[in-house]
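Here's the structure, in structure tokens; my notes come after.
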Amino acid sequence: MAYVITEKCLGEQYAQCVAACPVECMYPGNYKNEPFMVIDPELCISCGACQPQCPVLAIVDSEDAAPDWAKVNKELAPQFKNNPKVTPRPANDPPKKPGHKLGG
């Protein structure tokens, strides 16, 4: 079962997770006019390398943990797949959205 990026990434897009992914299944794009990342469930090998890299804890370890966001990831992955790669933000960069905080 694939890992899923949730609403905590919306507007943040730290992208620290991308470098950790051994199968390059994470893509950047815009969702609801905000920067966002998705995990392609067709390519994700559920290795877990991405999860500890997210400073806002936006990645969950199964589609069952966030079914609505799993659907968003699955729908957006084909659209985001060929987008240019993003430069990761420093992990200690304060979140951009009110209510988001480092470490969750």
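The values are calculated or read from the model by the stated rules, or taken from the named source; none is laboratory data. Since we're looking at a predicted model, the values are computed, not measured. The accessibility values were calculated without ligands, DNA or RNA, using every heavy atom of the protein model including side chains. Shrake-Rupley method; radii C 1.70, N 1.55, O 1.52, S 1.80 Å.
Accessible area per residue (1.4 Å probe, heavy atoms of protein chains only) ranks Thr87, Thr6 as Thr87, Thr6, with the largest value leading. Rg and Dmax, both from the Cα atoms of region 60-99 and both in Å, are 13.5, 31.
Pairs of Lys residues in the chain that lie 8 or more places apart, or on two chains, and have C-alpha atoms under 21 angstrom apart add up to 18. Every helix of 4 or more DSSP H residues in the chain counts as -39500 (n - 2.57), and over all residues that averages to -5500 deg cm²/dmol at 222 nm. Among Asp93, Asp40, the sequence by solvent-accessible area, most first, with a 1.4 Å probe is Asp93, Asp40.
Computed over protein heavy atoms with a 1.4 angstrom probe, the accessible surface ordering of Ser46, Ser62, largest first, is Ser46, Ser62. Relative to one another, the C-alpha centroids of region 37-53 and region 1-30 are positioned 7 Å apart. With respect to the chain, whose longest principal axis is taken over its alpha-carbon atoms, helix 67-80 is tilted by about 80°. Counting only Cα atoms, the chain measures 32, 25, 23 Å along its principal axes, largest extent leading.
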